[in-house]
Amino acid sequence: MSAPVIDPVRPAAPGTPAGRSAKAQRATPARFDTALGWNDKPSLAWALRILLCLIALGIFAAPFLTIFSGAFTTNPSGSSLSFLPHDSTLLNFRVAGERGIWDYLGNSLVIAGGGLLLQLVVCTLAAYALARHRFRGQALIMMLFMMTLMLPEEVIAIPLSLVLGDVPVVHLDLKGTVWGVILPLGAWGFSVMMLTEFMRDIPAEIEEAARLDGVGELRMLWQVVLPLCKPALGVAGVLGFIMIWDQYLLPLIAAKDPTDYTVTVALSILRTDPEVGSGVVLAGAVIALIPSLIVYLLLQRSLVTGIAAGATKG
């Protein structure tokens, strides 16, 4: 008995009604959907969404525009809101430089760079151990990491100051050094928790196949696990940098001399200096804001990808 012959489906001829319909469908602009439900046809709802987006943009952009405007204004007024500079000048930046803002910025860059590198290494190793291995007390360790997120800095400020002044076992005084700020930031519970949950979703078959090829632990982490965790590493990098950059209390208690301060502490010093005006403080704020903006712009794709990957898991 011969098998039935099935005629292949041929595309409709361009001159037929079906062909014209398919051609018109391809020529019609595709509707693009987003979280706001945009479409290509202007309507009252479309105009309302545009208006709401402009209002939200104005609310979030107004502080940034005010900072930049005041930084380039000779004598900015603290009682009025201005988005455009009046009597534009660079004097505020020169005065801020004379007050040592560039030295403080250098301290912040060293601490942020070293602290972020150490944090990513420690958190990645901890997350790999918690996610890909099973051992006694694993839940307790994860709970301890999460508890660190619930403790405010003010609670541990005095104990941390005592520890930095005399590190147990080695008895070193880390105050007045960059290590006094970098080492306490070497592990962050948020990054450990996020990377752990991301690594747990990696299929076990990939790891088993790599182990059959004789791959060891460090090579497994470097060549197999980390390439699959790039979105999560991008999120940890951006948020970790911002967390370290915004530190205020830790650089304050770890410093022995005002020259050890970071740019965040320097802004508070400029604010209390009676010889400088608000324009100098705003100029210092712009200088402190630029590195965070650069890091975000460079890693925004990884940040968005990582957040979207975490939101769609499961």
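Restricting to the stretch 149-168, what's the tally of residues that are assigned to a helix (DSSP H, G or I) and open to solvent by 50 Å² or more (accessible area, probe 1.4 Å)?
Adding up the residues that qualify gives 8.
So which of Phe135, Phe198 is surrounded by fewer than 12 Cβ atoms within 10 Å (Cβ to Cβ) and over 21 Å from Ala254 (Cβ atoms)?
Only one candidate qualifies: Phe135.
Do you know which residues across the stretch 158-168 are out of contact with any Leu (no Cβ under 6 Å at 6 or more places or on another chain) and in contact (Cβ under 8 Å) with a residue 24 or more places away in the chain?
Leu160, Ser161
Matching residues to (1) assigned to a helix (DSSP H, G or I); (2) without any contact (Cβ under 8 Å) to a residue 40 or more places away in the chain:
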{"residue": "Val170", "(1), (2)": "no, yes"}
{"residue": "Asp173", "(1), (2)": "no, yes"}
{"residue": "Gly176", "(1), (2)": "no, no"}
{"residue": "Ile182", "(1), (2)": "yes, no"}
{"residue": "Leu221", "(1), (2)": "yes, no"}
{"residue": "Val235", "(1), (2)": "yes, no"}
{"residue": "Val238", "(1), (2)": "yes, no"}
{"residue": "Leu250", "(1), (2)": "yes, no"}
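For the condition open to solvent by 10 Å² or more (accessible area, probe 1.4 Å), within 15 Å of the chain's Cα centre (by Cα) and assigned by TED's automatic domain parsing to the domain that holds Leu160, what is the one hit in Pro203, Pro231, Pro227?
Every option except Pro231 fails the conditions.
Have a look at Arg211, Arg219, Arg301, Arg271 and point out the one that is touching a Gly at 6+ places or on another chain (Cβ under 8 Å), open to solvent by 70 Å² or more (accessible area, probe 1.4 Å) and either assigned by TED's automatic domain parsing to the domain that holds Gly189 or β-branched (Val, Ile, Thr) (or both).
Arg301
Among the residues that make up the stretch 280-289, is at least one of them open to solvent by 50 Å² or more (accessible area, probe 1.4 Å) and part of a helix (DSSP H, G or I)?
No, the conditions are met nowhere in the stretch 280-289.
Suppose we filter Leu149, Leu130 for residues that are touching a Gly at 6+ places or on another chain (Cβ under 6 Å) and outside the structural domain of Gly58 (by TED's automatic domain parsing); which single one remains?
Step by step, each of Leu149, Leu130 is checked, and only Leu149 is touching a Gly at 6+ places or on another chain (Cβ under 6 Å) and outside the structural domain of Gly58 (by TED's automatic domain parsing).
The values are calculated or read from the model by the stated rules, or taken from the named source; none is laboratory data. Everything quoted here is computed from the prediction, not taken from an experiment. Because the Cβ atoms are built from the backbone with ideal geometry, glycine has one as well, and the counts that use them run over all protein chains shown. With ligands, DNA and RNA removed, areas are computed over all heavy atoms of the protein, side chains included. Shrake-Rupley method; radii C 1.70, N 1.55, O 1.52, S 1.80 Å.
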